[in-house]
Each structure stands twice: as C-alpha cells, then as structure tokens.
Amino acid sequence: GVFLADDAGFIPVSKTPVLLAIAWISLRLRGLRWSNAGLVRPARWWHAIALGTAAGIAMELVVLAVTVPLIARLTGTYPGLEEFPPLVGNLGLTLLLIAVSWVLAAFGEEMFYRGYLMQRIAQLAGGAGGWLVALAVATVMFGWAHYAGQDLAGALQEGLSGLLLGVLFLASGRTLAVPIIAHGVSNTVAFILIYADRYPGVG
C-alpha cells in the first residue's frame, strides 16, 4: 500500500520514514528491537568503516562502468535523474543532498530493506532457502522503490545495487553497519560526480 501510494504521488519527499514506522511497530508488537534487525555496534569500527568505504566505492565503479551502460543499451535510456541537474556546480545543494542521503537512504533504507524486510521474510519463508528468498524479494522491492523517481532504467539499476547491498548484509553476519556505510559512500560518490557534471544521464 505504501509503495502504491508513493507511485501515485500521495507520499511527499520520501516513503522511507513511513516504512521505518511500520517496521518499528512490527518489531515492538513482537517484543523486538532494531538490534534484532541487525542494528548493532561493530566489534571493530575501523574495520567496518574501511570495508564499507571500499565496498561503496567499488559499487559505484561497477554502476558507472558496467550496469548503467548495460541498462541504457537494453532500455534505450539512462536512469531518470531529471531532479539532479541543479546540483551541477552547486556545492551547497550537493552537500545538503549528501547529508539527506546519508539519513534517508544509507541509514533509513538499509534499516528497512536489509535489516527489517530481509530478516522478516527469512523468518516467514523458513528453511534453508529462506535467506535467498529474502534477498530476492528485498532486491525487487528496492528496485520498485526507485521506479517512481527514476523510471524503469533506474529501478533496474537500483535493484542491482540492492542485490549487492543484500549480499554485503549477509556477508557481514546480517548486521547493518557495513551496508549503511557502503550505501552512503556509493551515493556520496554519485553526488560528487553529478556536481562535477561527470555522471551519465544528468544534464
């Protein structure tokens, strides 16, 4: 329902706070906390920061060198980035959107899609393949989440990014610190490139 409402334009700015509220209610009704969804302090912060930073840069390099050109060739268009040309050469706006991105996208989206959604689907699916089902569903949902603003090409691109973040979440022992950092770094690199007018499809 939240996704359909967002696609229809009934949710202003971002649906992430709404999704987080639903997740929080679901956790509380079952006597759980965000720590049960993977939001825990890393044993070694510097290790998590280094790994997340490296993964985020690698993700954005893969996006620029492989997935965006491939998707553009398949769909005939780049991901819809019509909202971002004002960032080109505008340092203040770029810094503002980087900060917002760390809160809503890196932190908020990882808490919901990887932390809450994947954990909950795996619990409901059960069995040895539960986490594979969770990874597949969360990947599709993450792609769909970006359809309204970025069209089909953007949904496909973000779905692939969501897949990589989901794998990183599982590889990190189903904890969120590394995926949050990777997501934030990847978006930061993208915004810097948009600011420098070096991102494909912008302008």
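A cut-off of 5 Å between modelled amide H atoms, ignoring neighbours fewer than 5 places along the same chain, links Leu81 with no other residue. With the gyration tensor restricted to C-alpha atoms of the stretch 1-57, the semi-axes of the equivalent ellipsoid amount to 29, 20, 7 Å, longest first. Rounded to the nearest whole Hz, the Karplus-based 3J(HN,Hα) values (6.51 cos²θ - 1.76 cosθ + 1.60, θ = phi - 60°) of the stretch 150-160 follow the sequence 10, 6, 4, 4, x, 5, 5, 4, 5, x, 5, with x at glycine and proline. Rounded to the nearest 20, the size of the Cβ-charge dipole of the chain about its Cα centre is 880 debye, with Lys and Arg at +1 and Asp and Glu at -1. Using just its DSSP H runs of length 4 or more, each adding -39500 (n - 2.57), the chain gives a mean residue ellipticity at 222 nm of -19500 deg cm²/dmol after division by all residues. Ordering 105-116, 24-35 by mean Cβ neighbour count within 10 Å, with the highest value first, yields 105-116, 24-35. Hey, in the GNM for the chain with a 10 angstrom Cα cutoff, which one of Ala153, Ala182, Ala21 fluctuates hardest? Sorting by GNM fluctuation, first place goes to Ala21. Scalar couplings 3J(HN,Hα) for the stretch 72-88, obtained by applying the Karplus form with A = 6.51, B = -1.76, C = 1.60 to θ = phi - 60°, are 4, 5, 6, 9, x, 8, 7, x, x, 10, 5, 7, 9, x, x, 6, 4 Hz; x denotes Gly and Pro. Phi angles of the stretch 161-167 translate, via the Karplus equation with coefficients 6.51, -1.76, 1.60 and θ = phi - 60°, into HN-Hα couplings of 5, x, 4, 4, 5, x, 5 Hz per residue; Gly and Pro are given as x. Rolling a 1.4 angstrom probe over the protein heavy atoms with all chains in place gives the chain an accessible area of 52 Å² per residue. Among the protein heavy atoms of the chain, carbon and sulfur supply 69% of the accessible surface, probe 1.4 Å, non-protein parts ignored. In nm, give the distance between the simple-model label positions of Trp34 and Arg198, each being 7 Å from the Cα along the Cα-to-Cβ direction. Distance between label points: 3.4 nm.
The values are calculated or read from the model by the stated rules, or taken from the named source; none is laboratory data. Predicted model, so just to flag it, every value in this text is computed and none were measured. Every residue, glycine among them, receives a Cβ derived from its backbone with ideal geometry; neighbour counts consider all protein chains shown. Just the protein is used for accessible areas: all its heavy atoms, side chains included, with ligands, DNA and RNA removed. Shrake-Rupley method; radii C 1.70, N 1.55, O 1.52, S 1.80 Å.
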